[in-house]
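Just so it is clear, none of the values below were taken in a lab; they were calculated from the coordinates. All figures in this text were calculated on a predicted structure; none of them were measured in a lab. Note that we place each Cβ from the backbone using ideal geometry, even for glycine, and neighbour counts take in every protein chain shown.
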Amino acid sequence: MAEIVVEKAIKRFGKFVAVDEVDLTVNDREFVVLLGPSGCGKTTLLRAIAGLGMLDEGRVMIGNRDVTYLPPKDRNISMVFQNYAIFPHMKVYDNIAFGLKMRKSPKEVVEERVQNAAKLLHIENMLDRYPGAMSGGQRQRVAVARAIAVESEVLLMDEPLSNLDALLRLEMRAELKSLLARLKATTIYVTHDQIEALSMGDRIAVMKQGQILQFDNPTRVYDLPANQFVGSFIGNPPMNFLRGQVQRDDGAIKVNIGDFHLSPPAEMNEPLRAYEGKSIFVGIRAENMETLASPAPDALAVMVEVVEPLGSQNLLTIRISEDILKVSTHPDFKVHAHETVYIRFPPAKIRWMDRDTGQAIAPSLDKVLA
């Protein structure tokens, strides 16, 4: 068992609170991603779990052991750093073997595990090289091989792919996901790259200003953001947000966007009734709007300001009143700037948000924090 439990974690640097009463549970053999912008506290939280930075308050449990005050060597963890942190004066073999030798593992165990780790990372022919004679991608493979060779219960990874170029990053992402699925280690992976988070994690913890705003599986984080920040941070382009006015029309709830009216799904009538006469945000993804070339029921006429052909899609920039939106269309949909198109908003694809708090409005708010 290598479940990780963080309870009421607080870490301060002077008056700055880097981690603010965070609760986090990572199940045995689960792959969890800490995602957020720079300075949100994700690396600080990871280092606290690793024992590289002690918490001011709270505790860390690994496998039912309280490790809050234990040094890293006693936590049965391995860590992969952003800058690789491999020794330039040691050959690849010795870099991979370093953790095993520090634990005084028998010679035959060191040999077997180094060879196995090198094969898994496809560097078995580079064991006699020095890191200076290797590419960035190869050095990153050495760092990962060193971490997995010790066969720890927990693997902690701090932006391990951020120093690689885009193509190599794509290749390594797929390889790393496949490797970690085979290893079945409990893994926490820090990144600011939403594509890495969405494609790799079993669950994603989205962080801002030292707090976890949403902790859920990638599909729900993308489709059902807990608040406006998560919707705008996840997605490329980010979720669109329109200002709408909640009104009652013959007993039915409508959301007005200028002269256009949206009819929410039946399950949203009751929660939106509390906002009658108030403004809310209407959140919708670029790919979830239906784009039509001619007028249709429940479709809003809009002027196209910019067309960006992106190969797999066309990205349109449109304006609705004071709001600028991005709309994704099929590449075969022919439209030019300054032409009129008609946009339909599928109610099931809309995320309704409180304008004051930015929090999602739902029939019964899903438990998004775990």
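Between the listed residues Q247, I280, F260, the Cα displaced farthest toward the positive end of the dipole of region 230-282, a dipole computed from Cβ unit charges relative to the Cα centre, is found at I280. Of all DSSP bridge pairs formed entirely within the chain, close to 75 percent run antiparallel. As an equivalent ellipsoid, region 240-354 spans semi-axes of 27, 13, 12 angstrom, where each value is the square root of five times an eigenvalue of the C-alpha gyration tensor, largest first.
Legend: residue pairs K8/K177; K42/K73; K119/K177; K8/K42, Cα-Cα distance threshold 18 Å; pairs beyond threshold, K8/K177; K42/K73. Value of Rg to Rh for region 198-276, rounded to two decimals, is 1.08; Kirkwood radius and Rg both from alpha-carbon coordinates. For the pair region 114-159 and region 321-343, the centres of their Cα atoms are 47 angstrom apart. Computed about the Cα centre, the dipole magnitude for region 4-228 is approximately 480 debye when only Lys and Arg (+1) and Asp and Glu (-1) carry charge, each at its Cβ.
Over region 4-228, all Cα pairs binned in 10 Å intervals from 0 give whole-percent P(r) values of 8, 33, 36, 19, 4, 0, listed from short to long.
The residues H336, H192, H261, H122, when put in order of fewest to most other Cβ atoms within 10 Å, stand as H336, H122, H261, H192. Ratio of Rg to Rh for region 117-272: 1.17 [Cα atoms; Kirkwood radius as inverse mean 1/r over pairs].
Over the chain, Cα pairs under 8 Å with separation of 6+ residues give a relative contact order of 16 percent. Taking 0.36 nm per residue of separation and subtracting the current Cα-Cα distance, fully stretching the chain between Q209 and H261 would add 15.1 nm. Multiplying the residue separation of T25 and V335 by 0.36 nm and subtracting their alpha-carbon distance yields 106.8 nm.
Rounded, prolate or oblate for region 30-91? Axes are the square roots of the Cα gyration tensor eigenvalues, ordered a ≥ b ≥ c, and the cut-off for rounded is a/c under 1.5. Oblate, since a/c reaches 1.5 and b/c is not below a/b.
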